[in-house]
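To start, the structure under review is shown below, and the notes come after it.
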Ligand SMILES: [Ca+2]
Ligand SMILES: [Ca+2]
């Protein structure tokens, strides 16, 4: 035995083993060094960041509408991880996007309404946004379509936010007159329109946005890229060509479940969050026989925008860069199509807050579904992690990298949605709790009551659950930034409530 040992570990053999070990160690160190050099250079994953506007959870992979057809987004979900319980931080374009792109809650930024541009705030003038952070770490930043809201950033400030700017968001070709002949409530807003409109798909704003992204992917920059592609549909006006409507025959259309008098157990204050809007309420849609056409048009434009996502995904595949590109797809908030008696957003219910959110590419498990609560706010720190950039302090979201590796990993935080100071929805795995600025509240058991038909907040036996959710409410509600206006709701000096700078008359009839 001893001999055998001695033979095996003779000084000569030991020496040669040691030599090999040293060579091996040196090789590992060298390779490691090369690896870190590469990580600092071209081998960093690219990012394809796809935003969709006003897109609720009617996406095939979430099974929220039995008829919706979104084959391209569904295939992306299969390539990566889908978050089935993801929520926006604000049910409105400007506030939601500002939150996601700054990594800060609306209750921190004071951006609650459709204005202002957040950089008008002294505190945020130098705040490093998501794309700026990537630029600081060697990325080429490209952006097209609707990423920020409306005309933001103002033209002179664009170069500071991204290196290359493609076409801005737009409806594209439009009919000479609105297709809906009866004026819509609240001033017959030109965007409040929908229907089959004969034109070429190529003439749509979203087609042009996809075109630009495809061209860039065919000829990508030398540096790793951070490419933002923002689609406008299914935001109103929901125009699509006949072929998209043919996917949803009118006589077979399944309408969303709506309960009569659903708002009987909802605080009156909830109306104040969407007090006067251009989006018609259900009563008008029913009276004018526009409910079905709106639902059908929404579905048709969802399928059209899905096809544009497909064009961009195909271009990424063809570029050969798909395996080294992190893809994230999200929507800025949901949209009601009759539920709770309204159309549009501006609510703290699931229909307004829940959004599609999925990641694919390096660092993400394939064909995975995560039902932990997630926030759009999490996108910023998640992308930092997936791309190996240095961690950033001061962000209010939490990286979803652990859930992307293992979808069942608990995320110990609920998802919080805020609409104007003091109004918050807290979504846990099971419940949605809502607290309004006047102190009124709602609680829904989302497992037993996914349509949020029964408000449990007044039942004593839920007091502990309410307390548990209420402790997550943001502690400070930032004062709205100067220049806030459209969709702003604040308390007046004399105790009344002020909607868009006008005192609400509580006696005014809501229908
Ligand atoms: Ca939006
Ligand atoms: Ca109800």
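Points worth noting:
- Per-peptide average of other Cβ atoms within 10 Å, ordering 174-182, 380-388 highest first: 380-388, 174-182
- As a proxy for reagent exposure, ranking 73, 227, 255 by other Cβ atoms within 10 Å from fewest up yields 255, 73, 227.
- For segment 374-511, a/c is not less than 1.5, where a ≥ b ≥ c are the root eigenvalues of the C-alpha gyration tensor, and a/b does not top b/c. That puts it in the oblate class.
- In summary, segment 215-351 shows an alpha-carbon radius of gyration equal to 1.34 times the 2.2 N^0.38 Å reference for compact globular proteins.
- Rounded to 10°, Cα long-axis angle of helix 291-318 versus longest principal axis of the chain: 20 degrees
- Counting DSSP beta bridges with both ends in the chain, the antiparallel % (nearest 5): 50 percent
- In range of the label at residue 283: residues from segment 184-218 whose backbone nitrogen is under 17 Å from the point 7 Å along Cα→Cβ: 184-187
- Between 0 and 90°, nearest 10: helix 205-218 axis offset from the chain longest Cα axis: 10 degrees
- Segment 485-511 and segment 393-422 have Cα centres separated by 32 Å.
- Added length on full extension, which subtracts the Cα-Cα distance from 0.36 nm per residue, residue 473 to residue 458: 3.5 nm
- Global geometry of segment 61-193, whether rounded, prolate or oblate, following the gyration tensor of its Cα atoms and the 1.5 cut on a/c: oblate
- Residue 261 paired with residue 430, simple spin-label distance in nm, labels 7 Å along Cα-to-beta-carbon: 2.9 nm
- C-alpha long axis of helix 93-102 to longest principal axis of the chain, angle in °: 20 degrees
- Potential lengthening between residue 367 and residue 449 on full extension [0.36 nm per residue; Cα-Cα distance subtracted]: 26.8 nm
- Calculated FRET value between residue 410 and residue 510, using beta carbons and R₀ = 30 Å, to 0.05: 0.15
Bear in mind these aren't lab numbers, they're just calculated from the coordinates by the rules spelled out. Worth saying up front: this structure is predicted, and the values here are computed from it rather than measured. Cβ atoms come from the backbone with ideal geometry, glycine included; neighbour counts cover every protein chain shown.
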